[in-house]
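The values are calculated or read from the model by the stated rules, or taken from the named source; none is laboratory data. Quick caveat: nothing in here was measured; it's all calculated off a predicted structure. In this analysis, Cβ positions are derived from the backbone assuming ideal geometry, glycine residues included, and neighbour counts consider all displayed protein chains. SASA here: full protein model, heavy atoms, side chains in, ligands and nucleic acids out. Shrake-Rupley method; radii C 1.70, N 1.55, O 1.52, S 1.80 Å.
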Amino acid sequence: MTEEADFSAHIDEGKNKTNVRCQFCNSLMLKAQEGIYSKEEVEVPLMMQKQDRTADSLNTEPLQDFWLVKDMMTFENIGFSNTVDGRKFLVCADCERGPVGYHDLATRHCYLALKRVVHKEA
């Protein structure tokens, strides 16, 4: 089980209150009010992996707070990386850091992890 984090300051009527940006390069990923808050626990690869890891042996952590984006074209700036177990991982399209979430190939929905991004206007 993941540690409980309080993201209530970032949620307004079930959506992201402010813009969502990359925590490394400040690139705009998602505009305010475009993501729907979703709480479900999912194993997501750690952002920092050892060099000798393959896609089949990634170190992961459970994350449970996400912005659900039903149409990938809603994003301002997002990239897609490796596919593992029916999911493509989301990365910042500018600095290529991530994963910041995942794209479910079955539902075609994207999930952006609140813990892996920053919430601010500029």
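Annotation for the range 77-122: trypsin sites (Lys or Arg not before Pro) lying in DSSP loop with at most 12 further Cβ atoms inside 10 Å of their Cβ are ARG108, LYS120.
In this rough spin-label picture, where each label sits 7 Å from Cα along the Cβ direction, the ASP104-ASN59 distance is 2.8 nm. Looking at the chain, the accessible area is 56 square angstrom per residue; that uses a 1.4 Å probe and ignores ligands, DNA and RNA. Length gained on full extension, GLU76 to LYS31, computed as 0.36 nm times the residue gap minus the Cα-Cα distance: 15.5 nm. Scan (i) 17.2, 56; (ii) 25.4, 92; (iii) 13.5, 43 for the value of Rg and Dmax of the Cα atoms in Å calculated from this model and give just the label. Matching entry in (i) 17.2, 56; (ii) 25.4, 92; (iii) 13.5, 43: (iii).
Modelled this way, with points 7 Å down the Cα-to-C-beta line, the labels at GLN49 and GLU13 are 4.0 nm from one another.
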